[in-house]
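So the structure is just underneath, and the comments pick up after that.
Bear in mind that the values in this text are calculations on the coordinates, not laboratory data. Because the structure is predicted, anything quoted here is derived from the model rather than measured. Glycine also receives a Cβ, built like all others from the backbone with ideal geometry; neighbour counts cover every protein chain displayed.
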Amino acid sequence: MREKIKLKIEINRARCNFGIAFDIDGVILRGRVPVGGSPQALRRLYLDSGELIVPYLFLTNGGGIPETKRAKELSELLGVNIMASQVVQGHSPFRNLLKKFENELIIATGKGDPALVMSEYGFKKVLSLEEFASYFESIDPVSQYKRWTTMPQSDRKEPAMPRYNVLSERIKAAFVVSDPVDWGRDIQVLCDVLRSGGLPGGANNNQPPLYFAADDLEYQAAFPSKRLGIGAFRIALESVFNRINPKRLECVTYGKPNPFVFKNAEVILSQLQSSSRQDHSKNNRVPGSHPFEMLYMIGDNPSVDVKGAQQAGHPWFSILTRTGVFQGKDNHAEFPADLVVDSVEEAVDYILKRECIELGA
């Protein structure tokens with residue numbers, strides 16, 4: 001059956017204008033463990049030769065590492081060849097801010113390697129919040145009580161000389177690239193930076209721009225219960241900042257369900273479609289028409305994945321899995337999906353059968 005569906009899709013490529021966007025956490029993986037038959041589901045989107053026959057990408061609010069590295073990790077975990085262009089993370093839109101901050105001093109925080117992420121996007125003067133804080137003595141008043149910093153004196157490294165004039169040059173923007181690891185330190189240092197106009201210890205009410213890669217309150221990881229996400233950190237930072245500062249915190253958030261994210265995904269999927277081996281769809285396309293008849297968003301979070309697809313409108317079709325944040329018996333009450341399934345494998349099976357039937361194959 002699998003090979004028959006593949007053959008039908010290949011024969012009818014000129015009329016098979018659809019693409020798929022997969023969330024990762026709770027849909028494809030739980031932690032680093034594949035769930036819902038995800039490896040089998042993804043293999044159905046390739047020929048046995050390894051050629052991609054259905055344009056798809058991963059649309060996640062997660063991140064913290066460059067898209068090239070994330071693609072390699074996913075390829076190893078899922079057993080298929082995934083390109084960096086198929087990985088769209090919460091912080092991927094930060095590339096669009098390069099022109100504004102390329103040569104300005106900025107800080108980045110979050111799990112993984114946030115400074116490397118920003119550097120790979122082309123930002124020339126970027127420091128992790130951790131490194132930036134290390135140049136200001138006692139900026140984190142409880143650092144000596146943190147086990148990961150209270151190593152024997154002989155094992156401690158001397159603070160490196162600042163790479164930039166961090167003690168006199170103002171931070172021009174702060175980026176929360178992924179879920180912060182040390183909330184206490186990050187809230188303290190970000191409040192210092194944002195209240196001082198970019199130079200901790202000073203007095204300047206001109207808040208530098210603050211950008212969040214996403215705004216998820218919760219997400220599904222390896223632990224059975226949902227975990228607090230980057231949106232929870234934003235709420236904590238905002239609550240503290242607004243209590244100690246006369247002006248309210250200003251910030252910009254990216255990630256799903258922002259319609260911009262879905263429009264950007266459409267562009268990337270269209271590029272993947274155009275680069276495929278036997279794409280004749282443009283020959284039958286009406287000038288100015290949408291390159292896809294249907295785009296499927298497969299996610300586990302109704303308030304993020306389903307809401308985002310709904311706000312993006314045509315041609316998005318939302319599919320909700322029960323392997324992550326959502327585990328209800330019926331559809332979600334506030335953000336009902338177009339389809340609810342038990343797993344991503346069931347979702348892909350539905351899509352392939354639906355598209356092939358619609359094609360008249």
If R0 = 51 Å, then Val240 and Arg354, at their Cβ-Cβ distance, give a FRET efficiency to the nearest 0.05 of 0.60
Ranking request for peptides 17-28, 204-215: highest mean number of other beta-carbon atoms within 10 Å first, then the rest in descending order. 17-28, 204-215
Under the Karplus curve 6.51 cos²θ - 1.76 cosθ + 1.60, θ = phi - 60°, whole-Hz ³J(HN,Hα) for the stretch 74-85, x wherever Gly or Pro sits: 5, 4, 5, 6, 9, x, 10, 7, 10, 8, 4, 5
Footprinting proxy, Trp316, Trp183: sorted fewest to most Cβ within 10 Å, the residues are Trp183, Trp316
Sum up the charges of everything whose Cβ sits under 10 Å from the Cβ of Gln89, counting Lys and Arg as +1 and Asp and Glu as -1, but leave Gln89 out. 0
Ascending count of other beta-carbon atoms within 10 Å, so fewest first, for Val344, Val33: Val33, Val344
For n ≥ 4 DSSP H runs only, could you compute -39500 (n - 2.57) per run for the chain, divide by its residues and tell me the 222 nm figure to the nearest 500? -9000 deg cm²/dmol
Only Cα pairs under 8 Å and at least 6 apart count here; give the relative contact order of the chain as a rounded whole percent. 22
At most 14 other Cβ atoms within 10 Å plus a DSSP loop assignment makes a site exposed; report the longest stretch of the chain without any exposed GluC sites (Glu not before Pro). 251-333
Each residue of the stretch 96-108 in turn: what ³J(HN,Hα) in whole Hz from Karplus with 6.51, -1.76, 1.60 and θ = phi - 60°, glycine and Pro shown as x? 5, 9, 4, 4, 7, 10, 3, 10, 9, 6, 10, 10, 9
Can you give the Kirkwood hydrodynamic radius of the stretch 92-253 from its Cα pairs, in Å with one decimal? 16.5
Whose amide H sits under 5 Å from the amide H of Ile20, counting only residues 5 or more places off or on another chain, with H placed in the peptide plane? Tyr56, Leu57, Tyr296
Under the rule of at least 5 residues apart or a separate chain, name every residue whose amide H is placed under 5 Å from the amide H of Phe335. none
Tell me the angle of helix 344-358 to the major Cα principal axis of the chain, expressed in degrees between 0 and 90 and rounded to the nearest ten. 40
Helix 230-244 sits off the longest principal axis of the Cα atoms of the chain, rounded to the nearest 10 on a 0 to 90 degree scale, by 30
Round to the nearest 10 and give me the degree value, 0 to 90, for the angle of helix 259-274's Cα axis relative to the longest principal axis of the chain. 50
The set of residues whose placed amide H lies less than 5 Å from the amide H of Thr253, leaving out same-chain residues fewer than 5 positions away, is Phe212
Here are several values of mean projected area of the Cα convex hull in nm²: [x] 20.6; [y] 21.7; [z] 19.2. Which one was derived from the coordinates shown? [x]
